[in-house]
Amino acid sequence: SEYVMKRFVDDYGIRTATMHLEGETVARTTDGRRHVLPDGAASQYAACGGGAVRIHGGAASMVQKLLQGDNDDDVDNPDLSIELGMRVVRIEHGEDVVKISCTNTKSKEDECETKLIECRRAILAAPPKVLANTIEFDPPLPKKKMDAMLSTPTWMEDYGKVSVSFPQNWWRRRNFSAISIDQMGAVSTWWEACSGDDGDGALPTLAGFVTRNGAKTLNEKMGSNEAALHDYALDALKDLYGVDARTMGMQKDTTDVTIRGSADTDGVVISKGGITVTYKSWLEDPFTNGLDEQSTIAFPRQYGDRYLQQSVGPLFFAGTEAAHGSGHMEGAVVAAQRAAGEVMQYLS
């Protein structure tokens, strides 16, 4: 049903893979019972619904295609670039100039690197509430626009995601669709994020959504020991699918554990016994949910609100919240196309 997104990947020749829905579907209900549903039931329980596809290499491959521009030899366009690890803290804007001040997010506060970017126009695609809470605008944005930005819920702000990468695709071998519903665990639903075959991800991987209550459960399980998340995720999957760690490809030596990152920033990654668990919590992200006390707006705005789309001089606004609908990458592409058209008209 997301036609704009489908046309986008088709136009840019971005490879996709059909979501794996063949095989048995499993569910664990609140009474602790495990249920196995027959082949053909997966589309009724999949978070994406039936007929969905995923992008080879993840969303990063879409960005790579855009960076290549019109080049046909898979070489990045030298006129296009991405600055990673930089946080925008201030935007000065006038009739025909924009000055964007950025700081290096990896630097210590007392030795923070600052960079100034100057341009004629700028498109801001971060969530409206994040923009309003973290960037100083000079001159300030109109009050009605700021009110709309502060009162717009960020897409997925109450959720988190877990992914588990394995050395082998054990669920397909055992005729599972990988779609599952878990009313007992912190991860409410699972699906195949990539198969590990033919460029569809480096390793076979399952992914799942974590709700607000699920995030609290994971915090309690981890405590000060993030490695406990690895055990919890595997135990949940073993209970759901009725398999053991050996079937999943777990190595005998599990003494070597590596942990990097943090769940509330770029995600925590825990590797043990050849299996890697990754967890990102937007609920705990300080930029997504740590600044709500600054908003005094009682009623949330709907996505696509006209004030969210409103440009201010040389500043234009995109992001999935600025498009009508329920978020998703579809909304991001719709908003981006609108904003790009407005910039082209402004420059003409």
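The values are calculated or read from the model by the stated rules, or taken from the named source; none is laboratory data. Keep in mind it's a predicted model, so treat the numbers as computed, not measured. Cβ atoms come from the backbone with ideal geometry, glycine included; neighbour counts cover every protein chain shown. Each accessible area value is taken on the protein alone, full model and side chains, heavy atoms only, with ligands, DNA and RNA left out. Shrake-Rupley method; radii C 1.70, N 1.55, O 1.52, S 1.80 Å.
Looking across Asp31, Asp10, one residue alone is surrounded by fewer than 17 Cβ atoms within 10 Å (Cβ to Cβ), free of Cβ contacts under 8 Å to residues at least 24 places away in the same chain and within 18 Å of Gly199 (Cα to Cα). It is Asp10.
Restricting segment 4-21 to residues that are over 20 Å from the mean Cα position of the chain (by Cα) and part of a helix (DSSP H, G or I), the residue that is nearest to Gly58 (Cα to Cα) is Asp10.
Those residues that are in a helix (DSSP H, G or I) and farther than 14 Å from Glu321 by Cα, I need them from segment 118-133; list them, please. Asn133 - this is the single residue of segment 118-133 that is in a helix (DSSP H, G or I) and farther than 14 Å from Glu321 by Cα. Exactly one residue out of Thr276, Thr288, Thr247 is farther than 18 Å from Thr105 by Cβ, surrounded by 14 or more Cβ atoms within 10 Å (Cβ to Cβ), in contact (Cβ under 8 Å) with a residue 40 or more places away in the chain and out of contact with any strand residue (DSSP E or B) (no Cβ under 8 Å at 6 or more places or on another chain): that is Thr247.
Entry remark, segment 326-348: residues being open to solvent by 60 Å² or more (accessible area, probe 1.4 Å) and not in a helix (DSSP H, G or I) number 2 in total. Taking the conditions (1) in a loop (DSSP other than H, G, I, E, B); (2) touching a residue at least 12 places away in the same chain (Cβ under 8 Å) in turn, Ser224 satisfies each one other than (2).
When the residues of segment 291-319 are narrowed to those that are at pLDDT 65 or above and either farther than 14 Å from Lys145 by Cα or of a type in the set (D, E, K, R) (or both), which ends up surrounded by the most Cβ atoms within 10 Å (Cβ to Cβ)? The qualifying residue surrounded by the most Cβ atoms within 10 Å (Cβ to Cβ) is Gly319.
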